[in-house]
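Take a look at the structure below.
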Amino acid sequence: MAGTTYGYIRVSTREQNEDRQLLAMREQDVPERNIFLDKQSGKDFDRPQYRRLMKKLKPGDLLYIKSIDRLGRNYEEILAQWQVLTKSKGVDIVVLDMPLLDTRRGKDLMGTFLSDIVLQVLSFAAEHERDSIRQRQTEGIAAAKARGVRFGRPARPLPDNFHDVHRAWRRKQLTLKQAAEACGMPAGTFYTKAVKFERAT
């Protein structure tokens, strides 16, 4: 008796579009009710829809994923999860972007050996790409800061009355709280801006 066919889709953020993966699942005639979608990072397997899928999978079932990095991005965890799915759960997996990763084929020793090698190479490549992206982002931010690019929200301009209030505060005509209220800001913010203003003048 043939098992049930499932599909698993993951996009890294809520802004990313899952249409390409959904289309791939439909082309394989995966029933809509059997497609599980997570919108979160692939850094680990603590994902709500993936956990639901794992509870449903039974020996003889078939699981489609679009590419190995949709399963996850951590090299060791991908390999461990692959073993859980194929060995412990007895599920077949098909990676659509990599025909060699189709556990329905090559059930003999050589087929399993080749599949394991491809899986390890692709898992390593997925994690390496993630590390490379992170490094490029870090280097890009450092280069931008070196050029004087400022990150975060731009500082609000000082209110028109700041200079007069600041002068009155320094002359002890106003308390810190009174000066801050006159400028419409918390006392700590007023004090910080006052110090910066004094250093700049």
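Taken together, the criteria exclude LYS196 from residues that are at pLDDT 90 or above and surrounded by 10 or more Cβ atoms within 10 Å (Cβ to Cβ). Here is the figure for segment 64-84: residues that are closer than 24 Å to ALA2 by Cα and in contact with a helix residue (DSSP H, G or I) (Cβ under 7 Å, 6 or more places away or on another chain) total 6.
What residue, among those in segment 23-63 that are in contact with a helix residue (DSSP H, G or I) (Cβ under 7 Å, 6 or more places away or on another chain) and aromatic (Phe, Trp, Tyr), is farthest from TYR8 (Cα to Cα)? Of everything passing the filter in segment 23-63, PHE45 is farthest from TYR8 (Cα to Cα). For LEU22, the requirement of being over 24 Å from SER132 (Cα atoms) and crowded, with 17+ Cβ neighbours inside 10 Å is met.
Does segment 135-191 hold any residues that are surrounded by fewer than 12 Cβ atoms within 10 Å (Cβ to Cβ), in a loop (DSSP other than H, G, I, E, B) and aliphatic (A, V, I, L, M), and which are they? Within segment 135-191, VAL149, ALA155 qualify. Give the residues of segment 85-122 that are modelled with pLDDT of 70 or more and polar (S, T, N, Q), sorted by residue number. Hits for segment 85-122 are THR86, SER88, THR103, GLN120. ASP38 satisfies every condition listed in (1) surrounded by 13 or more Cβ atoms within 10 Å (Cβ to Cβ); (2) touching a residue at least 12 places away in the same chain (Cβ under 8 Å); (3) not in a strand (DSSP E or B) except (3). Only one of the numbered conditions (1) part of a helix (DSSP H, G or I); (2) closer than 15 Å to LEU119 by Cα is not met by ARG73, and that is (1). Of all residues in segment 85-100, those that are assigned by TED's automatic domain parsing to the domain that holds LEU22 and under 20 Å from ALA2 (Cβ atoms) have Cβ atoms under 6 Å from Cβ atoms of residues that are surrounded by fewer than 17 Cβ atoms within 10 Å (Cβ to Cβ) and of a type outside the set (Asp, Glu), 6 or more apart or on another chain, in GLY90/PRO59; ASP92/ARG104.
The values are calculated or read from the model by the stated rules, or taken from the named source; none is laboratory data. All values derive from a computational prediction rather than experimental measurement. All Cβ positions, even for glycine, are placed from backbone atoms using ideal geometry, and neighbour counts span all protein chains on display.
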